[in-house]
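A.B. asks: Please see the structure below; I have some questions.
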Amino acid sequence: MFLENTVNQKEQFGWIEVICGSMFSGKTEELIRRLKRAQFARQKVEIFKPAIDVRYEEDMVVSHDSNEIRSTPVPAAANIPILADNCDVVGIDEAQFFDDEIVKVCNDLANRGVRVIVAGLDMDYKGNPFGPIPALMATAEYVTKVHAVCTRTGNLAHYSYRKAKSDDLVLLGETEEYEPLSRAAYYKAMLREKVSKMEVKDPEEFPPKKQA
């Protein structure tokens, strides 16, 4: 859970909220919801996303449900503090694509009294912690982990299984490239993938053993 008003008004520090989960779990949808609430409250809001994310609109943060909010694409985390001057609330989408500097940037903003809301994938397609998200989760006051629905079992999903044949860590995509899977479904899919890559040699290819 997160707070929108501090109890002790003399404390001028802000805080960090992290929204994380797998692909198609509603991370961006929740980010947009919180940011629009802040806009309705007439707070000064700025939204940022990595410049490499060009799946939808260049200057918009767009959810998979086509909900959107105007944003500023930046090439690096270091650009954010310059553009977020005098803001009450700062939103950052797809934070896993930023460099590790994003952790310092978010904490510096919070220390200046800014409410920082960050959304991103917590694990990559291999099931490993993704980029700076773990460090952001550790330093954030509030962490919300959202889940998708597994396309194979119907259970809660928190793995992003890559269907596309690519070993690149960063591969932007939608349902054609990824699908959300539960732990059991992801384990089975990775096992099948591993087995399919195993080379099985014909017994005739092995040289005959020498008789003692």
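A.B. asks: What number, in percent, do you get for the relative contact order of the stretch 15-146 if the mean sequence gap of Cα pairs under 8 Å and at least 6 apart is divided by its residue count?
C.D. replies: 38
A.B. asks: Expressed in nm to one decimal, what extension gain is obtained for the pair Asn79 and Lys145 from 0.36 nm per residue of sequence separation less their Cα-Cα distance?
C.D. replies: Full extension from Asn79 to Lys145 adds 21.1 nm.
A.B. asks: Determine the alpha carbon to alpha carbon distance for each of Lys27/Lys49; Lys145/Lys188; Lys27/Lys194 and list only those over 21 Å.
C.D. replies: Lys145/Lys188; Lys27/Lys194
A.B. asks: So for each of 132-140, 26-34, 146-154 I average, over its residues, the number of other beta carbons within 10 Å; can you give me the resulting order with the highest mean first?
C.D. replies: Result, highest mean Cβ count within 10 Å first: 26-34, 132-140, 146-154.
A.B. asks: Can I ask one more? Which order do Met23, Met198 fall in if you start with the one that has the fewest other Cβ atoms within 10 Å?
C.D. replies: Listing Met23, Met198 from fewest to most nearby Cβ atoms yields Met198, Met23.
A.B. asks: Sticking with this structure for a sec: Going by how many other beta carbons lie within 10 Å of each one, how would you line up Ser196, Ser182, fewest first?
C.D. replies: The fewest-first ordering by Cβ neighbours comes to Ser196, Ser182.
A.B. asks: Quick one: net charge of Ala76's neighbours, Cβ under 9 Å, K/R +1, D/E -1?
C.D. replies: The answer is -2.
A.B. asks: While we're looking at this one, here's another question. Taking H as built 1.01 Å from N, whose amide H comes closer than 5 Å to the amide H of Arg152, not counting residues under 5 places away?
C.D. replies: Ser182
A.B. asks: Loop only per DSSP, at most 13 neighbouring Cβ atoms within 10 Å: give me the trypsin sites (Lys or Arg not before Pro) in the stretch 63-127, ordered by residue number.
C.D. replies: Lys126
A.B. asks: Could you pull out every residue, at least 5 positions away or on a different chain, whose amide H is within less than 5 Å of the one on Ile117? Hs are placed 1.01 Å off N in the peptide plane, and Pro or chain starts have none.
C.D. replies: Distant-sequence amide H within range of Ile117: Glu17, Val90, Gly91, Ile92.
A.B. asks: What number comes out for the charge environment of Val114, summing +1 per Lys or Arg and -1 per Asp or Glu over other residues with Cβ under 13 Å away?
C.D. replies: Residues near Val114 contribute -3 overall.
Any read-out appearing in this document is the output of simple, stated calculations on the displayed coordinates, not a laboratory observation. Bear in mind that the values here come from a model prediction, so they are computed numbers and not experimental data. Cβ coordinates were reconstructed from backbone atoms using ideal geometry, including for glycine residues, and neighbour counts include every protein chain displayed.
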